[in-house]
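Student: Below is one structure. I have some questions about it.
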Amino acid sequence: MPVGKFLARGFTAFVLALAGLMTFTALADAHPHKRYRRSHQYYNSSRDVEVQVTIHRLVALDKGDAFSSEDFYARVTIDGQVFKSQPIRQTDGVIPNWRFAAIVPPGRADVKIEVFDKDIAEDDQIDINRIDPKRDLDFVVNSRTCRIEGMASTYRCRVDVTRAGGERKRAEMTFSVDVNYNP
Ligand SMILES: [Ca+2]
Ligand SMILES: [Ca+2]
Ligand SMILES: [Ca+2]
């Protein structure tokens, strides 16, 4: 076989293999539940699920208090259910691992995270959103695919996401979401 023809055949085989791989990947993407079948067997069920939001880390990027460090606490709303952490006193940076969880119908659940600095009079809302003048962070948790939607990028469950505000009294926050299919 002439070398040119041999190379052409090899190239054709390579292109076919690549196309096959791409098709397989596309199909797997089109059916995300296939990849979650083992751990999330109720992805397609009408059973309620538990959406969990964990705030792993909070770091002040400026002064939320004039003469002392911040007293961070968080308020998290999951599908209309509101949860609040206790404040952690006098900390510029904290690893609170606050976990908030709500039982919701399967599908899309709206989530809002707000961070505050506790004060004697009125608490300061800390900016954790790079969009101005918005200070809170909201997104959608899709429990069928276990992904965070509605932000600039889509994130999978259990992946750490970091966001920071740019306005006065701001912080950087790292959080993740997860879905419990057997609450
Ligand atoms: Ca303050
Ligand atoms: Ca304070
Ligand atoms: Ca902002």
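The values are calculated or read from the model by the stated rules, or taken from the named source; none is laboratory data. Here the structure is a predicted model, which means the values were calculated and not measured. Every residue, glycine among them, receives a Cβ derived from its backbone with ideal geometry; neighbour counts consider all protein chains shown. What goes into the accessible areas is simple: the full protein's heavy atoms, side chains included, and nothing from ligands, DNA or RNA. Shrake-Rupley method; radii C 1.70, N 1.55, O 1.52, S 1.80 Å.
Student: Return the residue satisfying two criteria in turn: it lies in the range 133-166 and is charged (D, E, K, R) and buried (at least 16 other Cβ atoms within 10 Å of the Cβ), and of such residues it is farthest from S68 (Cα to Cα). If you could, list the steps in order and put the result at the bottom.
Tutor: Step one: of the range 133-166, the residues charged (D, E, K, R) are 134-136, 138, 144, 147, 149, 156, 158, 160, 163.
After this cut, where a residue has to be buried (at least 16 other Cβ atoms within 10 Å of the Cβ) as well, the list is 135-136, 144, 147, 163.
Values: R135: 22, D136: 23, R144: 44, R147: 38, R163: 24 Å.
Among them, the one singled out is R144.
Student: For the range 77-86, enumerate the residues that are open to solvent by 40 Å² or more (accessible area, probe 1.4 Å) and either touching a residue at least 60 places away in the same chain (Cβ under 8 Å) or under 21 Å from T174 (Cβ atoms) (or both). I'd like the intermediate steps shown before the answer.
Tutor: Just the residues of the range 77-86 that are open to solvent by 40 Å² or more (accessible area, probe 1.4 Å), to begin with: 79-84, 86.
F83, K84, Q86, listed by residue number.
Student: Right, here's the next one. All but one of (1) away from ligand 2 (no atom under 16 Å from the Cβ); (2) touching a residue at least 40 places away in the same chain (Cβ under 8 Å); (3) farther than 17 Å from T54 by Cβ hold for P133; state the number of the condition that does not hold.
Tutor: Of everything listed in (1) away from ligand 2 (no atom under 16 Å from the Cβ); (2) touching a residue at least 40 places away in the same chain (Cβ under 8 Å); (3) farther than 17 Å from T54 by Cβ, P133 misses just condition (2).
Student: Which numbered condition in (1) surrounded by 10 or more Cβ atoms within 10 Å (Cβ to Cβ); (2) modelled with pLDDT under 55; (3) farther than 28 Å from N97 by Cβ is the only one that L16 fails?
Tutor: With (1) surrounded by 10 or more Cβ atoms within 10 Å (Cβ to Cβ); (2) modelled with pLDDT under 55; (3) farther than 28 Å from N97 by Cβ applied to L16, the lone miss is (2).
Student: Report every pair of residues separated by at least 6 positions or lying on different chains whose Cβ atoms are under 6 Å apart, first residue within the range 163-183 and farther than 30 Å from D48 by Cα and within 12 Å of ligand 3 (Cβ to nearest atom), second among the basic types (K, R) and at pLDDT 95 or above.
Tutor: Final answer for the pair search is G166/R130.
Student: I would also like to ask the following. Hey, could you check the range 88-126 for residues that are among the basic types (K, R) and assigned to a strand (DSSP E or B) and say which is least open to solvent (accessible area, probe 1.4 Å)?
Tutor: Here is the first cut: in the range 88-126, the ones among the basic types (K, R) are 89, 99, 108, 112, 118.
This time we only want the ones that are assigned to a strand (DSSP E or B), so: 99, 108, 112.
Numbers: R99: 137, R108: 165, K112: 69 Å².
Top of the filtered list is K112.
Student: Exactly one of these conditions fails for N129: (1) touching a Leu at 6+ places or on another chain (Cβ under 6 Å); (2) under 30 Å from S45 (Cα atoms); (3) not aromatic (F, W, Y). Give me its number.
Tutor: Just one mismatch for N129, condition (2).
Student: Give all pairs with beta carbons closer than 9 Å in which a residue from the range 59-70 that is under 11 Å from K118 (Cβ atoms) and touching a residue at least 60 places away in the same chain (Cβ under 8 Å) meets a residue that is away from ligand 3 (no atom under 16 Å from the Cβ) and not in a loop (DSSP other than H, G, I, E, B); count only pairs at least 6 apart in sequence or on separate chains.
Tutor: G64/F72; E70/I88; E70/V94
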